[in-house]
Amino acid sequence: MSSCCGPSAGREAPADHGADPVPELGFEVPHRDPREAARGMVAIPGGDFLMGGDDPDAFPEDGEGPVRTIQLTPYLLDATAVTNRQFAAFVRATGWVSDAERFGWSFVFHLFIGPAQRRHVMDASVPGAPWWRAVEGASWRTPEGPGSDVTTRPQHPVVHVSWRDAYAYARWAGKRLPTEAEWERAARGGLPHATYAWGDELTPRGRFRANIWQGQFPRVNTAEDGHVGTAPVKSFAPNGFGLYEVAGNVWEWCQDWWSTDWHVAESRETRVDPAGPATGVARVMRGGSYLCHASYCNRYRVAARTSNTPDSSTGNTGFRCAADLPATATPN
Ligand SMILES: [Ca+2]
């Protein structure tokens with residue numbers, strides 16, 4: 001795993017995850033009309049698509065390849081990442097305490113730590129990724145640590161959410177997390193095997209199509225795309241399916257356990273509605289973030305993938321939800 005993508009918190013023993021992959025919710029899942037829950041979601045057509053990447057830019061060590069034909073049942077996917085406003089509504093309704101709040105800290109990118117936060121920086125470093133700092137009191141409510149807040153960022157994607165937080169939100173919303181195959185099928189927007197969610201050129205006609213990093217990572221962020229940190233959802237043009245910011249902005253949790261070779265074996269299980277291995281220690285994340293730069297990460301390519309442990313949280317990881325198509329709304 002590249003440490004640029006998001007360091008692991010190491011908060012719980014990995015053995016806990018495989019044994020008990022589904023978090024305790026601690027709240028009652030409200031009954032929802034599936035058509036109501038489907039608002040703000042996009043119907044993604046089923047059928048075959050080419051998943052994975054094996055071009056020269058791909059990272060074989062991440063298990064991006066081989067390129068294989070995957071068959072999916074039609075489904076719904078949120079048009080945008082879950083926003084601070086949406087996550088706040090979930091917390092108000094359920095009293096959910098996020099993992100960052102439960103453990104009392106989260107990973108903040110070094111340039112976002114201001115004078116008010118410096119005394120909250122913990123004495124812990126991330127090997128190979130010194131730009132990540134563990135900050136006491138950092139959470140989705142206080143993304144840079146104590147003294148920061150999200151009141152001016154209601155339409156920004158929620159960050160500092162762990163996989164377990166994302167799972168709980170999805171259950172509450174009458175949805176679920178997308179499988180990795182669903183995520184990639186949707187992110188490709190109907191383009192067969194393009195490098196990016198919008199085509200093969202990073203900046204067609206000189207225009208940025210995603211919130212990533214410009215300048216010299218990790219010190220100089222020229223923000224030519226208009227955004228130093230997270231961008232509000234719908235800041236960039238949607239892809240061919242009408243999905244916003246599937247590249248850059250924030251990493252997005254998927255349902256699947258992480259493996260670099262589970263999908264390599266030819267089998268029906270891995271080719272039709274694949275859902276990943278049965279157990280694991282980390283969960284898949286897709287899409288890249290505002291910290292991604294071609295020079296060292298380059299994971300805003302649509303085939304790129306990474307992972308983190310389910311209790312980890314960082315200032316560049318969020319999520320969006322999927323759902324099965326309501327029976328009465330199946331398109332022709
Ligand atoms: Ca940017």
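The table below gives the values:
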{"read-out": "Of residues in the range 163-204 being farther than 21 Å from Val42 by Cα and within 16 Å of the ligand (Cβ to nearest atom), the one surrounded by the most Cβ atoms within 10 Å (Cβ to Cβ)", "value": "Leu202"}
{"read-out": "Only listed residue being in contact with a Gly (Cβ under 7 Å, 6 or more places away or on another chain) and within 16 Å of the ligand (Cβ to nearest atom), chosen from Trp251, Trp258, Trp262", "value": "Trp251"}
{"read-out": "Single unsatisfied condition, Gly199 versus (1) under 30 Å from Pro66 (Cα atoms); (2) small (Gly, Ala, Ser); (3) touching a residue at least 24 places away in the same chain (Cβ under 8 Å)", "value": "(3)"}
{"read-out": "Of residues in the range 11-32 being over 22 Å from Arg176 (Cβ atoms) and surrounded by 12 or more Cβ atoms within 10 Å (Cβ to Cβ), the one modelled with the highest pLDDT", "value": "Arg11"}
{"read-out": "Residue in the range 113-121 that is under 19 Å from the mean Cα position of the chain (by Cα) and crowded, with 20+ Cβ neighbours inside 10 Å present", "value": "no"}
{"read-out": "The range 205-219, subset within 12 Å of the ligand (Cβ to nearest atom) and not in a loop (DSSP other than H, G, I, E, B), residue farthest from Arg301 (Cα to Cα)", "value": "Gly215"}
{"read-out": "Qualifying residue in the range 62-81 (condition: more than 25 Å from Ala275 (Cα to Cα), modelled with pLDDT of 95 or more, of a type outside the set (Gly, Ala, Ser) and in a strand (DSSP E or B))", "value": "no"}
{"read-out": "Scan of the range 221-234 for residues that are farther than 15 Å from Val159 by Cα, among the small types (Gly, Ala, Ser) and buried (at least 20 other Cβ atoms within 10 Å of the Cβ), ordered by number", "value": "none"}
{"read-out": "Restricting the range 83-133 to residues that are in a strand (DSSP E or B) and not polar (S, T, N, Q), the residue that is farthest from Ser162 (Cα to Cα)", "value": "Val121"}
{"read-out": "Search result, residues across the range 235-246 that are more than 15 Å from the ligand (Cβ to nearest atom), hydrophobic (A, V, I, L, M, F, W, C) and crowded, with 17+ Cβ neighbours inside 10 Å", "value": "Phe241, Leu243, Val246"}
{"read-out": "Test result for Gly229, more than 24 Å from Gly46 (Cα to Cα) and out of contact with any Lys or Arg (no Cβ under 6 Å at 6 or more places or on another chain)", "value": "yes"}
{"read-out": "Only one of Glu180, Glu136 that is acidic (Asp, Glu), in contact (Cβ under 8 Å) with a residue 60 or more places away in the chain, within 30 Å of Glu101 (Cα to Cα) and in contact with a strand residue (DSSP E or B) (Cβ under 7 Å, 6 or more places away or on another chain)", "value": "Glu180"}
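The values are calculated or read from the model by the stated rules, or taken from the named source; none is laboratory data. Given the structure is predicted, the values throughout are model-derived calculations rather than measurements. Positions of Cβ are generated from backbone atoms using ideal geometry, with glycine treated the same way; all protein chains shown enter the neighbour counts.
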